[in-house]
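K.L.:
Please see the structure below; I have some questions.
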Amino acid sequence: MRLTSYTNYALRVLQMAAIRAPHLVRIDEVARAHRINRAHLTKIVHQLGQAGYLDTLRGPRGGVRLARAADQIIVGDVVRLTEGPLDLVECFNAETNACRLRGACHLSTKLREATAAFMAVLDDLTVAQIAANRADLLVRLGLVADDADASTL
């Protein structure tokens with residue numbers, strides 16, 4: 001299984017918002033810390049805001065923050081939002097399937113089971129859990145805890 005960079009970046013935005021809470025996080029800060037294109041992040045932040053995961057505040061003192069508690073944001077739900085259907089093989093999608101083996105192929109059955117198992121793990125994971133090692137994450141991102149508290153956002 002492979003998630004798109006879009007999903008990876010969405011999870012990074014949520015993780016950073018969690019480790020910087022209660023302070024606002026600016027898109028430029030996330031872009032710099034993760035070396036991600038700002039324009040790409042803007043689209044991601046917009047979608048996460050529309051879905052109710054982020055509160056966005058415009059203006060020179062603006063930024064983003066989690067719209068709900070980090071332990072209430074399920075990683076599997078974010079993956080479903082950003083990835084859409086996880087159709088590993090064409091026969092997973094009845095509308096576009098051209099495979100003549102559909103319904104008789106044991107491989108597709110096992111791939112469906114593998115996808116379900118993958119998502120079950122992500123459904124048992126929250127943003128709070130991926131941000132639990134806050135101090136280590138701040139250091140790896142080139143930020144310090146004091147910087148998070150004294151930041152002028």
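The values are calculated or read from the model by the stated rules, or taken from the named source; none is laboratory data. Computed from a predicted model, the values in this text were never measured in an experiment. Positions of Cβ are generated from backbone atoms using ideal geometry, with glycine treated the same way; all protein chains shown enter the neighbour counts. Heavy atoms of the whole protein, side chains included, go into the accessibility calculation; ligands, DNA and RNA do not. Shrake-Rupley method; radii C 1.70, N 1.55, O 1.52, S 1.80 Å.
K.L.:
When both residues are 6+ apart or on different chains and their Cβ atoms are under 8 Å apart, which pairs have a first residue that lies in the stretch 1-26 and is without any contact (Cβ under 8 Å) to a residue 40 or more places away in the chain, and a second that is hydrophobic (A, V, I, L, M, F, W, C)?
P.N.:
Qualifying pairs under 8 Å: Tyr9/Ile36; Tyr9/Leu41; Tyr9/Ile44; Arg12/Val30; Arg12/Ile36.
K.L.:
Show the residue pairs meeting these rules: Cβ distance below 8 Å; 6+ apart or different chains; first residue within the stretch 102-131 and over 12 Å from Phe92 (Cβ atoms); second residue in a loop (DSSP other than H, G, I, E, B) and of a type in the set (Gly, Ala, Ser).
P.N.:
Sorted first by the residue in the stretch 102-131, then by its partner, the pairs are Ala128/Ala69.
K.L.:
OK, next. Looking only at the stretch 34-80, count every residue that is among the acidic types (Asp, Glu) and either outside any strand (DSSP E or B) or touching a residue at least 60 places away in the same chain (Cβ under 8 Å) (or both) and tell me the total.
P.N.:
2
K.L.:
In the stretch 112-122, is there at least one residue being surrounded by 12 or more Cβ atoms within 10 Å (Cβ to Cβ), of a type in the set (S, T, N, Q), modelled with pLDDT of 90 or more and more than 26 Å from Arg68 (Cα to Cα)?
P.N.:
yes
K.L.:
State which residue is surrounded by the most Cβ atoms within 10 Å (Cβ to Cβ) when the search covers only the stretch 1-19 and only residues that are out of contact with any helix residue (DSSP H, G or I) (no Cβ under 6 Å at 6 or more places or on another chain) and not in a helix (DSSP H, G or I).
P.N.:
Top of the filtered list is Leu3.
K.L.:
With respect to Ala98, determine if the residue is open to solvent by 30 Å² or more (accessible area, probe 1.4 Å) and hydrophobic (A, V, I, L, M, F, W, C).
P.N.:
So Ala98 fits the description; yes.
K.L.:
Shifting gears a bit: Against the conditions (1) outside any loop (DSSP other than H, G, I, E, B); (2) within 14 Å of the chain's Cα centre (by Cα); (3) of a type outside the set (Gly, Ala, Ser), where does Glu29 fall short? Just the number, please.
P.N.:
Unmet condition: (2).
K.L.:
Identify, from the list Ala120, Ala114, Ala39, the residue that is in contact with a Gly (Cβ under 9 Å, 6 or more places away or on another chain) and farther than 18 Å from Leu24 by Cβ.
P.N.:
Result of the check over Ala120, Ala114, Ala39: Ala120.
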